[in-house]
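Student: Sharing a structure with you now.
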Amino acid sequence: MEECEKNIAFFDSGIGGMNVLRDALKALPRENYIYFADTDNVPYGIKSHDEVKGFIGKAVEYLYGINIKLLVVACNTATSLAIKHLREKYSFPIIGMEPAVKPAIENSSHKRVLVAATTLTLKEEKLENLLNEIDINGIADKIALDGLVRFAEDRNFTGNEPAVYLKEKFRNIDFKNYDAVVLGCTHFNYYEKMIKDIIGIDDVKIIDGNEGTVKRLKSILVENDLLNKNGSGKITYVNSCRVISSEKEISNYNSLLTV
Ligand code: DGL
């Protein structure tokens, strides 16, 4: 098999990366994909650095073993913990995701920016370094919304529970002082509309990192001569190193491509 005909792997702790894959498929329909969800170990964001690093190591070793051509770490938490180490260890291109703080801060009109992510992402040095570099005027605030990961895993995208949870989390925040909310966890993207509605101020933008990631994916494929012209957009789903063959589970995943 030609190198360019191999699969692109997307990796997340659970279903968060599915909305990144959805956007990638639109831009790159002639590729074939593996979607790896670490369903045995989700959620990552409330566990310890070392424990999660172990989960990521095992997942990526599996993906290396099935001969992928490129890896998208469609998980902000895994990116902040392990991207450097993974790039040192593996020779295939690796694209990570980090909270889109840069565009949010650069486009802000003197107001504040709220960075929403998992507890672990907010604790990691990677985000700290990014903010030190970009947030010169100290306009970024952080909020952990780990509860949304569980709601998303339960496919509770529009119910009352996530709305109640978000209202409680936003209780003391005056969004009139904010320009943007950065969604720094791929699971949170399923709640973009809910967050917008709860905030209720049109001028507050909700920014995720998907567009930048897909652009980067496309340009890395072109630069490395890895674009596949013969693929069909086929997706193979893997739950924690187990390839999924049940039609029901496959269609459950596929349904997320239209959410
Ligand atoms: N979807 C992941 C992220 O982007 C991780 C969520 C979790 O497992 O806590 O951060």
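The values are calculated or read from the model by the stated rules, or taken from the named source; none is laboratory data. Since the model is a prediction, treat every value here as computed from it, not as a measurement. In this analysis, Cβ positions are derived from the backbone assuming ideal geometry, glycine residues included, and neighbour counts consider all displayed protein chains.
Student: Suppose we filter the stretch 166-178 for residues that are crowded, with 19+ Cβ neighbours inside 10 Å and out of contact with any strand residue (DSSP E or B) (no Cβ under 6 Å at 6 or more places or on another chain); how many remain?
Tutor: Adding up the residues that qualify gives 1.
Student: Here's something else I'd like to know. Looking at (1) touching a strand residue (DSSP E or B) at 6+ places or on another chain (Cβ under 7 Å); (2) more than 8 Å from the ligand (Cβ to nearest atom), which is the only condition ASP12 fails?
Tutor: Among (1) touching a strand residue (DSSP E or B) at 6+ places or on another chain (Cβ under 7 Å); (2) more than 8 Å from the ligand (Cβ to nearest atom), ASP12 violates only (2).
Student: Ok, one more. Considering only residues that are of a type in the set (D, E, K, R) and in contact (Cβ under 8 Å) with a residue 24 or more places away in the chain, look in the stretch 27-54 and name the one that is farthest from the ligand (Cβ to nearest atom).
Tutor: Looking at residues that are of a type in the set (D, E, K, R) and in contact (Cβ under 8 Å) with a residue 24 or more places away in the chain, I get ARG30.
Student: Within the stretch 58-88, restricting attention to residues that are among the basic types (Lys, Arg) and more than 16 Å from the ligand (Cβ to nearest atom), which residue is farthest from the chain's Cα centre (by Cα)?
Tutor: So the residue we want is LYS69.
Student: Residues that are more than 19 Å from GLY45 (Cβ to Cβ) and either modelled with pLDDT under 95 or of a type in the set (S, T, N, Q) (or both): does the stretch 184-198 have at least one?
Tutor: For the stretch 184-198, residues more than 19 Å from GLY45 (Cβ to Cβ) and either modelled with pLDDT under 95 or of a type in the set (S, T, N, Q) (or both): absent.
Student: Among the residues of the stretch 153-160, is any loosely packed, with under 14 Cβ neighbours inside 10 Å and within 16 Å of the ligand (Cβ to nearest atom)?
Tutor: Checking the stretch 153-160: at least one residue is loosely packed, with under 14 Cβ neighbours inside 10 Å and within 16 Å of the ligand (Cβ to nearest atom).
Student: Among the numbered criteria (1) over 17 Å from the mean Cα position of the chain (by Cα); (2) crowded, with 20+ Cβ neighbours inside 10 Å; (3) within 16 Å of the ligand (Cβ to nearest atom), which single criterion is violated by LEU145?
Tutor: Unmet for LEU145, out of (1) over 17 Å from the mean Cα position of the chain (by Cα); (2) crowded, with 20+ Cβ neighbours inside 10 Å; (3) within 16 Å of the ligand (Cβ to nearest atom): (1).
Student: Output the number of the condition that HIS110 fails; it satisfies all remaining conditions of (1) more than 17 Å from the chain's Cα centre (by Cα); (2) at pLDDT below 95; (3) at negative phi.
Tutor: Condition not satisfied by HIS110: (3).
Student: Something else: Got a number for residues in the stretch 210-242 being acidic (Asp, Glu) and touching a residue at least 60 places away in the same chain (Cβ under 8 Å)?
Tutor: Adding up the residues that qualify gives 2.
Student: Looking at PRO43, PRO99, which is the one that is modelled with pLDDT under 95 and either touching a Leu at 6+ places or on another chain (Cβ under 9 Å) or surrounded by 22 or more Cβ atoms within 10 Å (Cβ to Cβ) (or both)?
Tutor: None of the other options fit; the residue is PRO99.
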